[in-house]
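See structure below.
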Amino acid sequence: MAVLTDPLFLLFSLGADRYALPVTEVAVVLPLTPCKQLPGAPAWVAGLLPYEGRHVPVIDLSQRTLGRPAAQRVSTRLVLVHDRSPAGEPALLGLILEQATDTLRCAEQQFVRATVAHDETPYLGPVMPYQGGLLQRVQVSALLDAATRAVLYAREDA
């Protein structure tokens, strides 16, 4: 049984599968909002979102993971997360997530290491049984490789 000290997770879908994002990583959940396109960027980079005086890069996690854009539904959200790069500079990153309307409170220990790993998806973390299937945790810090991070967070003084 979950207790109030257990962490809270935002649940979302990629295809038919459910995923969990720690709410400690979430800055704000917004309705799906159009972004400024970035010609030449990878297809899964949705663009830039003006937010509180900043330009936040946005990625479509469905496009990145499944090769198809997220469905344009009321339950599809634009979730701004804290992207803590390995260099330690915190920044905001926008994620377009399908069915991002539920939360779950559970103990971290319920998630166990997935027995299959794939080099192309280092951001997919441990799993736990959930509603007859598996729920997989997403590691925000592993969503962007160094080259993509350098493009999306280009320094103004460079």
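Bear in mind these aren't lab numbers, they're just calculated from the coordinates by the rules spelled out. A quick note: this is a predicted structure, and the numbers were derived from the prediction, not measured. Don't worry about glycine lacking a Cβ; one is built from the backbone with ideal geometry, like all the others, and counts go over all protein chains shown.
Here are some notes:
- Oblate is the label for segment 1-70. Its Cα gyration tensor axes, ordered a ≥ b ≥ c, give a/c of at least 1.5 and b/c at or above a/b.
- Between LEU10, SER75, LEU61, the Cα set farthest toward the positive side of the dipole of segment 1-124 (charges on each charged residue's Cβ, about the Cα centre) is that of SER75.
- Calculated FRET efficiency for the pair ALA146/ALA107, C-beta based, R₀ 25 Å, to 0.05: 0.15
- Principal axis dimensions, segment 29-84 - Cα atoms, whole angstrom, descending: 31, 29, 23
- Extension gain for VAL116-ALA71 works out to 13.5 nm (0.36 nm per residue, less the C-alpha to C-alpha distance).
- Loop sites here are GluC sites (Glu not before Pro) outside DSSP states H, G, I, E and B with no more than 16 other Cβ atoms within 10 Å. The longest part of the chain free of them is 53-119.
- Net charge contributed by nearby residues that have their C-beta within less than 14 Å of LEU143 (K/R +1, D/E -1): -1
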